[in-house]
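**Student:** Below are the structure tokens for one structure; questions will follow.
The values are calculated or read from the model by the stated rules, or taken from the named source; none is laboratory data. Computed from a predicted structure; not experimentally measured. Cβ: placed from backbone, ideal geometry, glycine included. Neighbour counts: every protein chain shown.
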Amino acid sequence: MSPETSFDPALYGRFPTSGDRPAGELAELERAWRVPSGWARLTAVNNNYVGLWYVATAFLFFLLAGVLALVMRVQLALPLQGVLPQETYNQFFTMHGTLMMFLFAVPMVEALGVVLLPQMLAARDLPFPRLSAYAFWAYFVGGLCFFASLFFGLAPDGGWFMYPPLTSTAFSPGINADFWLLGIGFIEISAIAGAIEIIVGVLRTRAPGMTLARMPIFAWGMLVFAAMIVVAFPSVILGTLLLELERALNWPFFDPTRGGDPLLWQHLFWFFGHPEVYIIFLPASALVSMMVSTLARTRLVGHDLIVLAFLATGFISFGVWAHHMFATGMPMLSVGFFSAASMAVSVPAGIQVFAWIATLAIGKPVFNTPTLFVVGGLFTFVLGGVTGVMVAMVPFNWQVHDTHFIVAHLHYVLIGGMVFPMFATFYHWSGMTSRRALSERMGKWVFWLMFAGMQVIFLPMHLTGLMGMPRRVYTYLPGRDLEVTNMISTAGAFVFAMGVLLFLVDLARNFRFSIDDNAGNVYGAGTLEWLPTGTYSTRSIPIVTSLYPLWDDANLAEKVEQGRYFLPGAAHGRRETLITSPLRAEPEYVQTMPGPSAWPLLAAIFTAGFFLILTVQAYAAAIASGILAVIALLRWLWQTDRPVHPGHVDVGAGIMLPTYVTGPRSHGWWAMIILLIVIGMMLLMGTFSFLYLYGVHPQFWRPGPPAGWLPPILMGYLLAAGLAVFGRALLARKRSTLWSPASAMMFAGAILTAVFLVDLSSWRASGLTGEASGQGAIVHMFLALQGMLVAIAAVMIVYLAFRNARGLVTRPRNNSFDLVTLFTGYTGLQGAAITLLTRLVPGAA
Amino acid sequence: MRAWLYLLGGMLIWAIDFFALYIVASVFHTSGTARLITLAVTLLCLCAAAWLARSAWRRAGAAPNPFGRWTHKLAAWTAAAASVAIVWQGLPALLI
């Protein structure tokens, strides 16, 4: 492997430093990272605060969804019960699934990442703290408004996977489905913002020396988790966009009578939906791997094999989406491929299970509360995994499809794979953020009630399903032998709820939020999150030489606290962290980080407002909210995009690092590349949808606009992309004037806009409208996507022009310029790709 | 980027194999042509993954430092696991 950076590893030998630290260094660090008080605390962006709010909100949604489940169980306890009318029951099970999957599980693991990752990596914070705050507030405001729809009878009622044609306007004429489509689409954006933050955080803010080989297993889990979000979520965002466009504008993506196909929704949904299970499971299993070694007081067996299992799961889980569609009549060979992949994906999970068993077997585990939750989760997850392999077999799948057997299976997997590990995590890490750890005695009661309740609910539910009771029915007839198992399940639900209630009592009695006066490392773990901490994370950033630094160097915590390592203070009086290289974590530069601000909060509120107001069709108010969101975002950007004075600072032991870098080395560049991958995935899934509709209903397709339009439009898009790159090159040239680089960029924006308008009008002139057919709908979806990117590129270019006018675009390189170049260049290339696809298939006129 | 492509090479080959098989089955359904192309794609991808596993394993032995050794080993394991998965993925074409 060739060296990654010019940093000389011999410099590590200068640490730990000796001698007295300068007076006032710690006070300066504390001042830089101080959190505002009173109402201004809502503007805090420190990961300890935002992360905890995030965890609390996700847990609140877990409780709310749990209450819905309890009421549903009461309804099903006996045949022909009248607790919930049919329509309300439909809303309850839709909201239960939606809350658990979108508002609890994914945000919870993302939230745990925000809380734990910076400390575990010994970073001062994640690299984009305001983005974390924005993601949290968007989720908080959007989630609560979404839940409130239940009180007005407006909650979605088409199931958490919202299959058309049930959810089309013909069968769901109200705005209930729109709440789901716009609300969830918006919350997914929040998840993607979090994923970008986590990927860049894990790859670029690790402590020096923490190579990939020494990276904590939770960081690996979160890295794969976030990468999976980047690949999977665009698919469901596109799906929700298509369904909402069909409902709002009558574009027939899913209407087979006009060249659409309802199965397209299932493909788009499950391409996200099945990886979603692993998106939830991987971070939870990574937490288990972290805890198992601590609780067994030994090193994790098969650390590298678990990394391999994560990577394999990250890929193979994208090959199983159609196993949810075995009953739809796919070609038998396709069914066979998906069945094989569905069985294969259980192997990496098995590797993890055996690694945990081996670690517990060779260690000396103490059966405290976290251990109980870990072992109970392992047992439950394995049972869910076994039934998972059963339903991967096609004949069996056909038998139990859409029965309560599937409900039991998925709850075994999700509660064993995510909920029990989450409670173990609460007990294990509570000492990090609370003055008092949670009660061991009460925790054991919590575990046994939840564990027993879980088995009592869902074990008999397998039988209920095998006896033929379908899912999503609000009642059943007496005399079909379904009463006993249903009653047992309902009793179990209340036992489970008692466990959760007792946990709340434990929280109320013992949890007292604190950062620098916490209970500490109660279970004796060996990783860096247990270093002494403050609002600034660790006092200094240590050099990592092993997987368990605190076990291998008993004095590390003391030396870190004395400021003997990297960045012992605020090098130039602001919030800073060390950016390191992605493979070997060699120090590269010092990132200046933004402090508290109301703009992310306001941007989140107005973004949520835009989507939610759109749902109730108050278009003027929605547009006003959208404009305010854009203004808040630009204001936030303007603040963080400070005037740059490139230089070097001493990061400890006389080592000088730059304070500003550009291009592929900068963390902003990485974030933009990931964002472009997200948009590229939408393009890819759109291409799949285009070819899919053409494949199933070619009789509805006709040639596009005249062939003569193709070359100028194609050349126009490519010219715009080229001009953007040319502008960036001009910036580096000494002989260029103040305005020449920005002018090239503005020309690029003008050409993009003009070409897009020509593209759009040529399609309109061809007579193909969005309502006409599946082809018309998908072509207009592409045009809408391209139009949106062109509009964003235009806003970015205007922003850049303003900065240029103020003399804020530094030479020879500037990060803002780089990012606008990347985005504009991508928009041009995407336009060219869409032009070729839509005009060459099925052939120009 | 090159390092990541190398580390994930095996799994990327698996992904190419899987999506190629999906397209083949979608276009040619359950036919003789589909089985033949599946076999060809499977063998091609298997060779690529096996070659990557072997070459990474050899480089692991010659790596000058622990991190290099770790990287080559992980790449070798990933490619070896992918080889097994590719064979498994191709079997339905022979059995159905």
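**Student:** Of the residues in the range B:11-30, how many are more than 9 Å from chain A (Cβ to nearest Cβ) and surrounded by 21 or more Cβ atoms within 10 Å (Cβ to Cβ)?
**Tutor:** 2
**Student:** Can you list residue pairs whose Cβ atoms sit under 7 Å apart, with the first residue in the range A:624-644 being part of a helix (DSSP H, G or I) and the second being β-branched (Val, Ile, Thr) and modelled with pLDDT under 95? Count only pairs 6 or more apart in sequence or on different chains.
**Tutor:** A:Ser625/A:Ile613; A:Ala629/A:Thr607
**Student:** Just checking, which of A:Phe310, A:Phe281, A:Phe326 is farther than 19 Å from A:Gly97 by Cβ, under 25 Å from the mean Cα position of the chain (by Cα) and in contact (Cβ under 8 Å) with a residue 40 or more places away in the chain?
**Tutor:** Working: A:Phe281 fails: farther than 19 Å from A:Gly97 by Cβ; A:Phe326 fails: under 25 Å from the mean Cα position of the chain (by Cα).
The match here is A:Phe310.
**Student:** Exactly one of these conditions fails for A:Ser346: (1) more than 30 Å from A:Thr298 (Cα to Cα); (2) within 14 Å of chain B (Cβ to nearest Cβ); (3) under 25 Å from the mean Cα position of the chain (by Cα). Give me its number.
**Tutor:** Among (1) more than 30 Å from A:Thr298 (Cα to Cα); (2) within 14 Å of chain B (Cβ to nearest Cβ); (3) under 25 Å from the mean Cα position of the chain (by Cα), A:Ser346 violates only (1).
**Student:** Given the criterion loosely packed, with under 12 Cβ neighbours inside 10 Å, within 14 Å of another protein chain (Cβ to nearest Cβ) and assigned to a helix (DSSP H, G or I), identify the matching residue among A:Ala27, A:Ala40, A:Ala10.
**Tutor:** The match here is A:Ala10.
**Student:** So, one more: Are any residues in the range A:325-334 facing chain B (nearest Cβ under 8 Å), buried (at least 17 other Cβ atoms within 10 Å of the Cβ) and either part of a loop (DSSP other than H, G, I, E, B) or of a type in the set (A, V, I, L, M) (or both), and if so, which ones? Lay out the reasoning, then the answer.
**Tutor:** If we filter the range A:325-334 for residues that are facing chain B (nearest Cβ under 8 Å), which is where we start, we get A:331-334.
Then keep just the ones that are buried (at least 17 other Cβ atoms within 10 Å of the Cβ); that gives A:331, A:333-334.
Correct list: A:Pro331, A:Leu333.
**Student:** Look through the range A:360-370, keep the residues that are in contact (Cβ under 8 Å) with a residue 60 or more places away in the chain and surrounded by fewer than 23 Cβ atoms within 10 Å (Cβ to Cβ), and return whichever of them is farthest from the other protein chains (Cβ to nearest Cβ).
**Tutor:** Of the residues in the range A:360-370, the ones in contact (Cβ under 8 Å) with a residue 60 or more places away in the chain are A:360, A:362-366, A:368-370.
Subsequent filtering for residues that are surrounded by fewer than 23 Cβ atoms within 10 Å (Cβ to Cβ) retains A:360, A:362-366, A:368.
On the way: A:Leu360: 24, A:Ile362: 22, A:Gly363: 24, A:Lys364: 28, A:Pro365: 28, A:Val366: 32, A:Asn368: 33 Å.
Of everything passing the filter in the range A:360-370, A:Asn368 is farthest from the other protein chains (Cβ to nearest Cβ).
**Student:** Applying the selection to the range A:423-452, what residues are of a type outside the set (A, V, I, L, M), over 30 Å from the mean Cα position of the chain (by Cα) and not in a loop (DSSP other than H, G, I, E, B)?
**Tutor:** Scanning the range A:423-452 gives A:Glu440, A:Arg441, A:Lys444, A:Trp445, A:Trp448.
**Student:** Let me ask another. Looking only at the range A:689-746, filter to residues that are of a type in the set (Ser, Thr, Tyr) and within 14 Å of chain B (Cβ to nearest Cβ); which one of those is nearest to A:Phe253 (Cα to Cα)?
**Tutor:** A:Ser689
**Student:** Any idea which of (1) surrounded by fewer than 21 Cβ atoms within 10 Å (Cβ to Cβ); (2) touching a residue at least 24 places away in the same chain (Cβ under 8 Å); (3) facing chain A (nearest Cβ under 8 Å); (4) among the aliphatic types (A, V, I, L, M) is the one B:Ala63 doesn't satisfy?
**Tutor:** (2)
**Student:** Determine which member of the set A:Leu63, A:Leu70, A:Leu99, A:Leu78 is under 21 Å from A:Cys145 (Cβ atoms) and surrounded by fewer than 20 Cβ atoms within 10 Å (Cβ to Cβ).
**Tutor:** Testing whether each residue is under 21 Å from A:Cys145 (Cβ atoms) and surrounded by fewer than 20 Cβ atoms within 10 Å (Cβ to Cβ) leaves just A:Leu63.
**Student:** Still on this structure: Report whether or not B:Ile86 is free of Cβ contacts under 8 Å to residues at least 12 places away in the same chain and more than 9 Å from every other protein chain (Cβ to nearest Cβ).
**Tutor:** no
**Student:** Separate question: State whether one or more residues within the range A:113-130 are in contact with a strand residue (DSSP E or B) (Cβ under 7 Å, 6 or more places away or on another chain), among the acidic types (Asp, Glu) and under 25 Å from A:Trp220 (Cβ atoms).
**Tutor:** Yes, that holds for at least one residue.
**Student:** Filter the range B:32-48 for residues that are within 8 Å of chain A (Cβ to nearest Cβ) and of a type in the set (Ser, Thr, Tyr) and give the result.
**Tutor:** Answer for the range B:32-48, where residues must be within 8 Å of chain A (Cβ to nearest Cβ) and of a type in the set (Ser, Thr, Tyr): just B:Thr38.
**Student:** While we're looking at this one, here's another question. Are there any pairs, at least 6 apart or on different chains, whose C-beta atoms fall under 7 Å, with the first in the range A:84-100 and in contact (Cβ under 8 Å) with a residue 60 or more places away in the chain and the second among the aromatic types (Phe, Trp, Tyr), and if so, which?
**Tutor:** Between residues of the range A:84-100 that are in contact (Cβ under 8 Å) with a residue 60 or more places away in the chain and residues that are among the aromatic types (Phe, Trp, Tyr), the close pairs are A:Leu84/A:Phe92; A:Leu84/A:Tyr474; A:Gln86/A:Tyr474; A:Tyr89/A:Tyr474; A:Thr94/A:Trp160; A:Gly97/A:Trp160; A:Thr98/A:Trp160; A:Thr98/A:Trp180.
**Student:** Within the range A:51-97, which residues are charged (D, E, K, R) and within 25 Å of the chain's Cα centre (by Cα)?
**Tutor:** Within the range A:51-97, no residue meets the criteria.
**Student:** Test of understanding: among B:Leu94, B:Leu8, which residue is more than 9 Å from every other protein chain (Cβ to nearest Cβ) and either in contact with a helix residue (DSSP H, G or I) (Cβ under 8 Å, 6 or more places away or on another chain) or within 30 Å of A:Val335 (Cβ to Cβ) (or both)?
**Tutor:** B:Leu94
**Student:** Does A:Ala322 count as in contact with a helix residue (DSSP H, G or I) (Cβ under 6 Å, 6 or more places away or on another chain) and at the interface with another protein chain (Cβ under 10 Å from one of its Cβ atoms)? Before the answer, list the steps.
**Tutor:** Details: in contact with a helix residue (DSSP H, G or I) (Cβ under 6 Å, 6 or more places away or on another chain): yes; at the interface with another protein chain (Cβ under 10 Å from one of its Cβ atoms): yes.
Against the criterion (in contact with a helix residue (DSSP H, G or I) (Cβ under 6 Å, 6 or more places away or on another chain) and at the interface with another protein chain (Cβ under 10 Å from one of its Cβ atoms)), A:Ala322 qualifies.
**Student:** Quick check: is even one residue across the range A:67-76 in a loop (DSSP other than H, G, I, E, B) and touching a residue at least 24 places away in the same chain (Cβ under 8 Å)?
**Tutor:** Initial filter on the range A:67-76 (in a loop (DSSP other than H, G, I, E, B)): none.
Within the range A:67-76 (the criterion being in a loop (DSSP other than H, G, I, E, B) and touching a residue at least 24 places away in the same chain (Cβ under 8 Å)), the answer is no, since none of the residues qualifies.
**Student:** Here is a follow-up. Within the range A:498-526, which residues are modelled with pLDDT of 95 or more and in contact with a helix residue (DSSP H, G or I) (Cβ under 6 Å, 6 or more places away or on another chain)?
**Tutor:** Answer for the range A:498-526, where residues must be modelled with pLDDT of 95 or more and in contact with a helix residue (DSSP H, G or I) (Cβ under 6 Å, 6 or more places away or on another chain): A:Met498, A:Gly499, A:Leu502, A:Phe503, A:Asp506, A:Ala525, A:Gly526.
Per-residue answers, yes or no, for (1) touching a Gly at 6+ places or on another chain (Cβ under 6 Å); (2) among the β-branched types (Val, Ile, Thr):
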site	(1), (2)
A:Phe379	no, no
A:Val386	no, yes
A:Val389	no, yes
A:Pro395	no, no
A:His401	no, no
A:Ile406	no, yes
A:Val413	yes, yes
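**Student:** Moving to a separate point now. Which pairs do you get when a residue that is farther than 20 Å from A:Trp160 by Cα, found in the range A:248-269, comes within reach of a residue that is surrounded by 20 or more Cβ atoms within 10 Å (Cβ to Cβ) and β-branched (Val, Ile, Thr), reach meaning Cβ atoms under 9 angstrom, with the pair 6+ apart or on two chains?
**Tutor:** From the range A:248-269, the pairs are A:Trp251/A:Ile778; A:Gly260/A:Ile778.
**Student:** So A:Ala207 ticks every box in (1) modelled with pLDDT under 95; (2) touching a strand residue (DSSP E or B) at 6+ places or on another chain (Cβ under 8 Å) but one. Which box is left unticked?
**Tutor:** That leaves (1) as the condition not met.
**Student:** Same structure again: Under 7 Å by Cβ, and 6 or more places apart or on different chains, what pairs join a residue from the range A:688-712 that is in contact (Cβ under 8 Å) with a residue 12 or more places away in the chain with one that is of a type in the set (S, T, N, Q) and not in a helix (DSSP H, G or I)?
**Tutor:** A:Phe700/A:Ser773; A:Gly704/A:Ser766; A:Pro705/A:Ser766
**Student:** Of the residues in the range A:284-315, how many are of a type outside the set (Val, Ile, Thr) and more than 14 Å from chain B (Cβ to nearest Cβ)?
**Tutor:** Result for the range A:284-315: 13.
**Student:** Quick check on this structure: which one of A:Thr737, A:Thr662, A:Thr687 is buried (at least 16 other Cβ atoms within 10 Å of the Cβ), out of contact with any strand residue (DSSP E or B) (no Cβ under 9 Å at 6 or more places or on another chain), of a type in the set (S, T, N, Q) and closer than 24 Å to A:Val820 by Cα?
**Tutor:** A:Thr662
**Student:** List the number of the failed condition for A:Ala754; all other conditions in (1) surrounded by fewer than 21 Cβ atoms within 10 Å (Cβ to Cβ); (2) closer than 17 Å to A:Leu840 by Cα hold.
**Tutor:** Every condition holds for A:Ala754 apart from (2).
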